[in-house]
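Undergrad: Dumping the structure here so I can ask a few things about it.
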Amino acid sequence: MKQLLLLTLFITHFGCLSAQFAQITQGEGYGQAVFYDLATRTGKSVDHTSWDIAFNVSGRSSGILINEAVASSQTEELRATAVYASTATDFATADTSQITNRLYNGEASWDDGAFNAAATPGDPLDQGWGAYSTETQTVVGNRVFFVVTPDEVYHKVFVSSLAGGSYTFVHGPLDGSTTDTVTIAKNQFTGKTLAYFSFTDGVQDLEPDAWDLLFTRYVTPLAAGPGVILDYTVTGVLQNQGTSVARLSGVDPETVAPPAEATFSDTLTTIGHDWKRFILSTRTYVFPDDLVYFVQTPDSLYRIQFIDFEGNTTGVSVFKLSAEATTATTNLPTGIAQSRLYPNPASERLTLEVTATQAAENLSLEVIDPTGRTLLASRVRALNTGPNQVEVPLAGLPPGHYFLRLSGATGVLTHHFVKQ
């Protein structure tokens, strides 16, 4: 791992405290991912070959992702780890003749994994790999998947349940000669976003305790010609849960003021890969000089401008980083230590995450339009001390800008959101 802070500059503009040039190194062939913490300007490097499947261990999430980072641009010619859906429901008899299609991780959030991509659109109970039971509040598996690792070995995988905060899944080779049952308890990964699993090394705890941005590789659909869209592996930046990003183009990156809260997005590829562009004729990368990102963590606001990228010979990215004296977050009442609302923008439902410093009962939850009218109202029976999640259905709400207001003994908490 190579983490260098090359130079420190002191600049005064719109509340910017200081600017630094930071360098991230993913290595030759982009062989590593780097978890980067903006507060400490430090990172942790992890080999892409360290894992095959990852499980979202936060809150009520049931997201299961595939490792899309290992691909042919590595120093060794490795294929990507791939996952395929199938019509099979019985693990013992499942075979490759039942494979239907390849699945990819989505780009909306860390809940949007490849295993979830098999879900029936519009069915909130279908998690892709299983169905959620409102009676037992568990997810029960109902589909066998086939995972092909970079060594071109096929593995059958059946996630049998997510119950009591633990995932349980079975995996084994195609011939059924062996099977292994694995349990991943979310409470063993408190504060982390994902728990990782390798068919070679088992369950892995790879994330650092704190990180905001992940420099990695992932698959995204790109235009390959008129009317042709293909899935490509790109090198880019993903954001952690609890981190939102605003992308401003056509501005002076050093002097533009931080944007309003409505500009920030929870979509994990808001930074993504297009802060650089490859010029084939010169085989060099160029960077827009009018593009800047504002990154809002639960504690601070940061300004980022990318200024260099060396490609797969070194995997080096260089960016200018500064902490802002201003903040774009909602002011938190005294009874709330931390809060976020996602996804934002949203279509069918929102999730409000609240970390309360004191327990409270019978709170009011309202959706308010910009004129102050209450359009939706409900009650939250209780908030416990510590983390809480509140689901907010948006059915029947027209597209537009709104505010979500939670009020009670903890004070008044307000978030802006956009309904798509």
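The values are calculated or read from the model by the stated rules, or taken from the named source; none is laboratory data. In this text, all values refer to a predicted model and were calculated from it rather than measured experimentally. Methodologically, a virtual Cβ is constructed for each residue, glycine included, from the backbone with ideal geometry; neighbour enumeration extends over all protein chains shown.
Undergrad: Looking at A262, A246, A223, which one is within 30 Å of D369 (Cβ to Cβ) and more than 18 Å from the chain's Cα centre (by Cα)?
TA: On inspection, the qualifying residue turns out to be A262.
Undergrad: Something else now. Which condition breaks for S86 when tested against (1) hydroxyl-bearing (S, T, Y); (2) surrounded by 19 or more Cβ atoms within 10 Å (Cβ to Cβ); (3) at pLDDT below 95?
TA: (3)
Undergrad: Kindly check whether there is at least one residue in region 278-292 that is in contact (Cβ under 8 Å) with a residue 12 or more places away in the chain, buried (at least 20 other Cβ atoms within 10 Å of the Cβ) and within 18 Å of the chain's Cα centre (by Cα).
TA: The answer is no; no qualifying residue exists.
Undergrad: Quick one: in region 372-407, of everything that is closer than 22 Å to S61 by Cβ, among the hydrophobic types (A, V, I, L, M, F, W, C) and not in a strand (DSSP E or B), which residue is modelled with the lowest pLDDT?
TA: Selected residue: A395.
Undergrad: A further question follows. Let me spell it out: the conditions are (1) under 20 Å from the mean Cα position of the chain (by Cα); (2) of a type in the set (V, I, T); (3) surrounded by fewer than 18 Cβ atoms within 10 Å (Cβ to Cβ), and T270 meets all of them except one. Which number is the exception?
TA: Result: T270 fails condition (3) only.
Undergrad: Against the definition (over 20 Å from the mean Cα position of the chain (by Cα) and not in a loop (DSSP other than H, G, I, E, B)), how does T168 come out, yes or no?
TA: yes
Undergrad: Would you point out the residue of region 207-229, among those that are touching a Leu at 6+ places or on another chain (Cβ under 8 Å) and not in a strand (DSSP E or B), that is farthest from A108 (Cα to Cα)?
TA: Ranking the candidates gives E207 first.
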